[in-house]
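*Asks:* Okay, handing you the structure first.
The values are calculated or read from the model by the stated rules, or taken from the named source; none is laboratory data. As the structure is a computational prediction, the values presented were derived from the model and not from experiment. In this analysis, Cβ positions are derived from the backbone assuming ideal geometry, glycine residues included, and neighbour counts consider all displayed protein chains. The area values use the complete protein model at the heavy-atom level, side chains included, leaving out ligands, DNA and RNA. Shrake-Rupley method; radii C 1.70, N 1.55, O 1.52, S 1.80 Å.
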Amino acid sequence: MTDAQSIAENRQIDRSHMKVSDEVAIDISGMNKWYGTFHVLKDIDLTVYRGERIVICGPSGSGKSTLIRCINALEEHQQGKIVVDGTELSNDLKNIDKIRSEVGMCFQHFNLFPHLTILENCTLAPIWVRKTPKREAEETAMHFLHKVKIPEQADKYPGQLSGGQQQRVAIARSLCMRPRIMLFDEPTSALDPEMIKEVLDTMIELAEEGMTMLCVTHEMGFARQVANRVIFMDAGQIVEQNEPEPFFTNPQSERTKLFLSQILGH
Amino acid sequence: MNHSQPFVRTQMLEAKEPPLAEKGVVKWMRENLFSSWLNAFLTIVSILLIYWVLDHLLPWMLGGIWNADSLSQCREIRDSLYPDGRDVACWAVLSDRWHQLLFGFYPPELYWRPILTLVMFGAAISPILFNGVPRKLFILTAIAPFAAFWLLWGGSVWMPVVVALGFVIGWAVMKFASMPLGSLVATILTILLPVAYWLFLAGPLAGALDAAVPVGIEAVQTDDFGGFMLALVIGVSGIVLSLPLGIVLALGRQSDLFIINKCSVAFIEIIRGVPLIVWLFTASLLLNYFLPPGVQFDIMLRVIIMVTLFSSAYIAEVVRGGLAALPRGQYEGADSLGLNYWQSMQLIILPQALKISIPGIVSTFIGLFKDTTLVVFIGLLDPIGLSNSIRASTDWNGIYWELFIFIGLCFWIFCFSMSRYSQWLERKLHTGHR
């Protein structure tokens, strides 16, 4: 177990707002995706309720990133249905842009815009997509930069920040759009151990406020502490899903056991 | 022996001054000029070579004769001044004919018009080039192309006004039609309506307005244009028009839409694959066969169109390089925030891609500006063409170097300023590594 995991576990987590409601946030049914002739995602069925914190793990190439990238149409699916917040993902660009503005996403490599300051990174989408007045957008941005604890960096450029700070800016940037769902695509995989903690802390705070979250991550400490459901994927399919406690202590499938023994073994 | 001897530093070391031989001029010369025997040898040879060139060139240039009416008079003065038979430049050709090199055969009493145009152009482009300039100047930027056309060619004021009105129509359609009609129909109308207006309405309307309220200044024919004025008009129009066209072509070549993609590729490859001189001949000779009889299309306009198309194909490829250099994550970052295609291009992708492409774009512009000298082959009097016609007069028959040095120097000043501007812009836009 790495340092970061144990640090994340040291924290007392406030579970008073972590409530899963009956309202469906994302509904995926019979979804298939191919890259050319390669079948990446096979018959995915997944229903996410509002307030859920789902961690998706699995070996590389298992399709976990592709799955969450399908949810905001960064990848196109060829078969089946994805309904996000009541809007079905279709080829209609209007629908896609609407879903993307409701669903926040954080990437492994942050994907901040290097030619804009931190503040501009955060206000860009509210101003252009939501048509928020500039002043108001800046206030919101500063609010979320406070929340991720880097308000003093607002006027710097992304290139001047450390990796952990950049990822927190990326989270703040997504939050400025007031999303109802957050997707995390390996948010800590490109970071040094010392920086992993600060990003995980931010994610935990988000979970404490009741955000619906889907996280592709290898941080098993985070999964154990924060997730209400862990999904294990292999070869493009969901192999096992369960609450974290039984998932880690008593995995059912052989594949899951092998995977867990490999990543928790040292 | 024990190699892992324990060691603890108790006192940190202070920074010290470097030794004397490692500082100042001595150090610089030792490192840069005399670092090895070969380097020392090359340094001395280079210095001798530079001395030899300057020794021949400087007396010729600085001893030049500025006051004479013809080349033969120049030679008489030279022989009386320097009985030793040394050769000096005859700059008198410049003091005699500078106005032709700059303005061609433009009427001298109207020189204020091209000069005013140049000043206006400087003011109009400044808000684009520099950040600190008041934003209000953008109004001038919008008006300048039409005002410049009117000032240079003269004639009725109504023609440029009526043409400008076409853009206003396009803007109005885009602004007010997209809501009720949807973006696709609005886009098509935005292009079609102004074009139809220019083709069928603009001419009669300008004629009617001119008949009703005749306002105008003395007209100047394209044949009278020449010299650096001509090079600048073609060069600047080409530069200003080819950048947006090139960007659109680059985006077209990246597009997923099959027809747009293939059309862009075909356009770029065909235009780029044929020498500019061929396109210029096409402009001067062939284009008339395709136009309906009676339609007169100014030769300058035809040349500007060809030069623009030619350099936009190059710009498109340079910009495509910049687009390809951006990591995929930038596109995904923009997409994930819900920005639509044009927003993400305008706000995220193009600012970065263009920044990467600045050196290539400016190279293309410099190339375009120098290529304007090719118009001499289709009978336009660019600076080179004028040097020929100056030499054709009996006064200055046989003078070459002085004219070419002057022309070269003028071109160099323009191109070097473009190059310096691009370096300044690169430094200004540098916001740290990704």
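*Asks:* Non-local amide H neighbours of A:Asp234 (under 5 Å, H modeled in plane, Pro and chain starts lacking H): which ones?
*Replies:* Those lying under 5 Å, H to H, from A:Asp234 are A:Val239.
*Asks:* So what's the gap between the Cα centers of segment A:210-232 and segment B:150-212, to the nearest angstrom?
*Replies:* If we compute the Cα centre of each part, the gap is 59 Å.
*Asks:* Okay, next question. Simple spin-label model, 7 Å along Cα-to-Cβ: B:Arg328 to A:Thr37 in nm?
*Replies:* Here the answer is 2.1 nm between the modelled labels.
*Asks:* Is it possible to state the helix-based mean residue ellipticity at 222 nm for chain A, with each DSSP H run of 4+ residues giving -39500 (n - 2.57), the sum divided by total residues, to the nearest 500 deg cm²/dmol? What is it?
*Replies:* That comes out to -11500 deg cm²/dmol.
*Asks:* A follow-up question, please. Per 10 Å bin, what is the whole-percent P(r) computed from every C-alpha pair distance within segment B:286-426?
*Replies:* 10, 25, 25, 21, 12, 4, 1, 0
*Asks:* So, one more: Only Cα pairs within less than 10 Å get springs; with that Gaussian network setup on chain B, which residue of B:Ser419, B:Ser46, B:Ser70 has the largest fluctuation?
*Replies:* Between B:Ser419, B:Ser46, B:Ser70, it is B:Ser46 that shows the largest mean-square fluctuation.
*Asks:* Apply 1/(1 + (r/R0)^6) to the Cβ-Cβ distance of B:Tyr82 and B:His430, taking R0 = 45 Å, and write down the FRET efficiency to the nearest 0.05.
*Replies:* 0.25
*Asks:* In whole Hz and in residue order, list the ³J(HN,Hα) couplings for segment B:279-290 that follow from phi through the Karplus curve 6.51 cos²θ - 1.76 cosθ + 1.60, θ = phi - 60°; x for Gly and Pro.
*Replies:* Each residue of segment B:279-290 in turn: 5, 5, 4, 4, 4, 7, 10, 6, 4, 5, 5, 7 Hz.
*Asks:* Summed for both chains, how many Å² of accessible area, to the nearest 100, are buried between B and A with a 1.4 Å probe?
*Replies:* 2000
*Asks:* Give the value in nm², to one decimal: projected area of the alpha carbon convex hull of segment A:40-92, averaged over all directions.
*Replies:* Result: a mean projected hull area of 4.1 nm².
*Asks:* Return the sequence-ordered ³J(HN,Hα) values of segment B:373-379 in whole Hz as given by the Karplus equation 6.51 cos²θ - 1.76 cosθ + 1.60 applied to θ = phi - 60°, using x for Gly and Pro.
*Replies:* Taking θ as phi minus 60°, the curve returns 5, 5, 5, 4, 6, 10, x Hz for segment B:373-379.
*Asks:* Pop out the carbon and sulfur fraction of the accessible area of chain B as a percent, whole number, probe 1.4 Å.
*Replies:* 71
*Asks:* Still on this structure: Packing-wise, with mean Cβ within 10 Å as the measure, how do A:167-173, A:83-89, A:64-70 rank, highest first?
*Replies:* So the peptides A:167-173, A:83-89, A:64-70, ranked by packing, come out A:167-173, A:64-70, A:83-89.
*Asks:* Next question, about the same structure. GNM on chain A, C-alpha springs below 10 Å: top fluctuator among A:Tyr49, A:Tyr35, A:Tyr157?
*Replies:* Ranking A:Tyr49, A:Tyr35, A:Tyr157 by mean-square fluctuation puts A:Tyr35 first.
*Asks:* Also: Compute the signed sum of charges (Lys and Arg +1, Asp and Glu -1) over the other residues within less than 14 Å, Cβ to Cβ, of A:Gly86.
*Replies:* -1
*Asks:* Next question, about the same structure. Can you list the residues of segment A:88-116 whose accessible area drops by at least 50 Å² going from the chain on its own to the full set of protein chains, with a 1.4 Å probe?
*Replies:* A:Asp97, A:Arg100, A:Asn111, A:Phe113, A:Pro114, A:His115
*Asks:* Let me ask something else. Can you compute the helix-only [θ] at 222 nm over chain B? Use -39500 (n - 2.57) per DSSP H run of at least 4 residues, normalise by all residues, nearest 500 deg cm²/dmol.
*Replies:* The helix-only estimate for chain B comes to -22500 deg cm²/dmol at 222 nm.
*Asks:* Then there is this: Dividing the convex hull volume of the alpha carbon atoms of segment B:156-217 by its residue count, what do you get in Å³ per residue?
*Replies:* Per-residue hull volume (Cα only) is 71 Å³.
*Asks:* Between B:Gln221 and B:Trp37, what is 0.36 nm times their sequence separation minus the Cα-Cα distance? Round to one decimal in nm.
*Replies:* 59.8 nm is the gain from fully extending B:Gln221 to B:Trp37.
*Asks:* Then there's this: Name the most mobile residue of B:Ile125, B:Ile191, B:Ile268, meaning the one with the largest mean-square fluctuation, in a Gaussian network model of chain B with Cα contacts below 10 Å.
*Replies:* Of B:Ile125, B:Ile191, B:Ile268, the most mobile in the Gaussian network model is B:Ile191.
*Asks:* If you take the beta carbon distance between A:Asp155 and B:Ala392 as r and set R0 to 56 Å, what does 1/(1 + (r/R0)^6) give as a FRET efficiency, to the nearest 0.05?
*Replies:* 0.30
*Asks:* State the extension gain, in nm to one decimal, for the chain segment bounded by A:Glu139 and A:Asn95, taking 0.36 nm per residue of separation less the distance between their alpha-carbons.
*Replies:* Fully extending the segment from A:Glu139 to A:Asn95 adds 13.0 nm.
*Asks:* If only Cα atoms are counted, what is the Rg of the protein assembly as shown, and what is its Dmax, in Å?
*Replies:* Radius of gyration, then largest Cα-Cα span, for the protein assembly as shown: 34.4, 111 Å.
*Asks:* Stick to the Cα atoms of chain A, pair each with every other, and give me the Kirkwood hydrodynamic radius in Å at one decimal.
*Replies:* 19.0
*Asks:* Using 1/(1 + (r/R0)^6) with R0 = 60 angstrom and r between the beta carbons of B:Leu57 and B:Ile143, what's the FRET efficiency to the nearest 0.05?
*Replies:* E(calc), rounded to 0.05, equals 0.85.
*Asks:* Modelled label-to-label distance, B:Arg75 and B:Ile277, 7 Å Cα→beta-carbon offset: nm?
*Replies:* 3.2
*Asks:* Something else now. Sorting check: for B:367-378, B:387-398, A:91-102, which peptide has the highest mean count of neighbouring beta carbons within 10 Å, and how do the rest follow?
*Replies:* Per-residue mean Cβ counts within 10 Å order the peptides as B:367-378, A:91-102, B:387-398.
*Asks:* Computed from the mean reciprocal separation of all distinct C-alpha pairs, what Kirkwood hydrodynamic radius does chain B have, in Å?
*Replies:* This gives a value of 26.8 Å.
*Asks:* How many nm is it between the label spots at B:Glu17 and A:Glu88, if each spot is 7 Å from the Cα in line with the beta carbon?
*Replies:* My value for the distance between the label points is 8.2 nm.
*Asks:* Counting heavy atoms of the protein chains only and a 1.4 Å probe, report the per residue accessible area for chain B as a whole number of Å².
*Replies:* Value for chain B: 59 Å² per residue.
*Asks:* Along segment A:249-254, what does the Karplus equation 6.51 cos²θ - 1.76 cosθ + 1.60 (θ = phi - 60°) give for ³J(HN,Hα), rounded to whole Hz, x for Gly and Pro?
*Replies:* Running phi through 6.51 cos²θ - 1.76 cosθ + 1.60 with θ = phi - 60° gives 7, 9, x, 8, 7, 4 Hz.
*Asks:* Just to be sure I understand the interface: list residues from segment B:328-348 that lose 40 Å² or more of accessible area between the chain on its own and the complete protein assembly, 1.4 Å probe.
*Replies:* Those residues are B:Gln330, B:Glu332, B:Asp335, B:Ser336, B:Leu337, B:Gly338, B:Leu339, B:Gln343, B:Leu347, B:Ile348.
*Asks:* Now for a different question. Of the accessible area of segment A:138-266, with the probe set at 1.4 angstrom, what percent is carbon plus sulfur?
*Replies:* Heavy-atom surface of segment A:138-266 belonging to carbon and sulfur, 1.4 Å probe: 46 percent.
*Asks:* Hey, another quick one. Given an 8 Å cut-off on Cα distances and at least 6 residues of separation, report the relative contact order of segment B:156-217 as a percent.
*Replies:* It rounds to 53 percent for segment B:156-217.
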